[in-house]
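Notes follow the structure.
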Amino acid sequence: MNRRWAVPAAFAVAAVLLFAVAPLALSPFRLDQLGRYLCFAIVAVGIGLAWGRGGMLTLGQGVFFGMGAYLMAMHLKLADAGPGGTPDFMALISSDGVPWWWEPFRSEVVTLLAILLLPAAVAAVLGLATFRRRVRGAYFAILSQALAAAFAILLIGNPTGTGGSTGLSGFRGFFGFALSDPANRLVLFFTAAGVLLLVLALVRQLMVSRFGELLVACRDAEERVRFLGYDPANVKTVAFVVAAFMAGIAGALFVPIVGIVSPNDVGIVPSIGMLIGVAIGGRTTLFGPVLGAIAVAWAGSALSEQFPSGWTYAQGLLFMLVIAFLPGGLASLAWRRRARAAGPAPVPAPLPATQ
């Protein structure tokens, strides 16, 4: 009975903390920072599903995060420029006007559909292309990391279309609402909090469903799953697509909350940073990736101000220590304490001897 009500109680506590306590206890600046951390937590939930339950070490989630972020940033720059206008950074760099591939994103509907569908579609193509060739383990991790590097290089090499290394910034409005208004910024925080709870509920449902059992089976014994008549490539692709879908939404929320997006937010280093939070919190749990991502993002903001050159090394060292000594993350400490409190498992009574 306690286990049955544990997850709903955790959701209720999270809702109270996010929607009631945080707005009252934090200043507007700190609330914006927490909203930024929640965006990373949304990505972490998807990584927990793909890596923790499916065994896919995804080192390139920054690609899908960046897709959602840049799609939203393109729309906001076009909206600020007005109907038929040219974004300010394009007018400074070139006189060629708005590129043709920017024009569809003047529409709010097209932008929202692209944010929801494009990262998932790219992940579906990549997933089917790799998993059907039985690419897994370290090879899949290297492939996804190379994808993140290529995506960042593509953004840097196109200053007229993506702002180059400086990225896109200076947004004034968000779907008709002024971003300078504190009330609108509070709504953005509530939106990020609500999306986080929704993706947690979705992943929870997937974890307890038959799909979740198949995903864990593909992680632990892929050949046996194939022998039983299931295609592990399809199962793993669905999990990869769901993780990309969540990362795209997180990136789209990140842009109006933070006010800037650049290649530094979507390359190899941020992709690994998203993974570190999941590893620290506990990749096989539901809430562990969320808590780990928020903790790592907070530490990155707090410590990088005092040790700007040392935080990256500390982040890598922390990741190695957790993988080496706590492969289940900090959540494994709670499991050990619970197992110790429960005591040894009872020994079954011996069967009666047959005459």
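The values are calculated or read from the model by the stated rules, or taken from the named source; none is laboratory data. What you are looking at is a predicted structure, and each value in this text was computed from that prediction instead of being measured. Reconstructed Cβ throughout: ideal geometry from the backbone, glycine too, with neighbour counts over all protein chains shown. To get the accessible areas, we keep the full protein, side chains included, count just its heavy atoms, and leave off ligands, DNA and RNA. Shrake-Rupley method; radii C 1.70, N 1.55, O 1.52, S 1.80 Å.
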>> Using each residue's phi in segment 239-251, evaluate 6.51 cos²θ - 1.76 cosθ + 1.60 at θ = phi - 60° and report the 3J(HN,Hα) Karplus result to the nearest Hz, with x for Gly and Pro.
In response: 5, 5, 5, 4, 5, 5, 4, 5, 5, x, 5, 4, x
>> Just to verify a number: what accessible area does Asp32 come out at with the full protein assembly present, 1.4 Å probe, Å² rounded to tens?
In response: 40 Å²
>> For Tyr70, what accessible surface area do you get with a 1.4 Å probe? Give it in Å², rounded to 10.
In response: 10 Å²
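Quick one: pull the percent of accessible area on segment 147-195 belonging to carbon and sulfur, 1.4 Å probe, ligands and nucleic acids left out.
71 percent
Using only helices, what value at 222 nm comes out for the chain when you add -39,500 (n - 2.57) per DSSP H run of length 4 or more and divide by the total residues, to the nearest 500 deg cm²/dmol?
Working: 16 runs with 244 residues, N = 355.
Result for the chain, helices only: -22500 deg cm²/dmol.
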> Hey, rough spin-label estimate for Gln306 and Asn184, points 7 angstrom out along Cα→Cβ, what's it come to in nanometres?
Replying inline: 3.7 nm
>> Just to be sure I understand: with springs between alpha-carbon atoms less than 10 Å apart, which residue in Ile249, Ile93, Ile276 has the highest mean-square fluctuation in the Gaussian network model of the chain?
In response: Ile93
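By accessible area of protein heavy atoms, probe 1.4 Å, what ranking do Thr312, Thr166 get, highest first? Walk me through the intermediate numbers first.
On the way: Thr312 75, Thr166 95 Å².
Most to least solvent-accessible, the answer reads Thr166, Thr312.
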> For Rg and Dmax of the Cα atoms in Å, which listed value, [x] 25.8, 95; [y] 22.1, 97; [z] 19.6, 72, comes from the coordinates shown?
Replying inline: [y]
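If I take R0 = 25 Å and measure r between the Cβ atoms of Leu17 and Leu116 in this structure, what FRET efficiency does the formula 1/(1 + (r/R0)^6) give, to the nearest 0.05?
On the way: r = 28 Å, r/R0 = 1.10.
Computed FRET efficiency for Leu17 and Leu116: 0.35.
What is the packing order of peptides 210-218, 103-111, taking the mean over residues of other C-beta atoms within 10 Å and listing the highest first? All intermediate terms of the calculation are to be shown ahead of the outcome.
Working: 210-218: 18.1, 103-111: 15.1.
So the order, starting with the most tightly packed, is 210-218, 103-111.
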> Label-point separation (nm) for Thr191 and Trp100, each offset 7 Å from Cα along Cα-to-Cβ?
Replying inline: 3.1 nm
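What accessible area per residue, rounded to a whole number of Å², is obtained for the chain using a probe radius of 1.4 Å?
Details: 18070 Å² over 355 residues.
Here the per-residue accessible area is 51 Å².
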> Largest first, what is the accessible-area ranking of Trp51, Trp101, Trp5 with a 1.4 Å probe?
Replying inline: Trp5, Trp101, Trp51
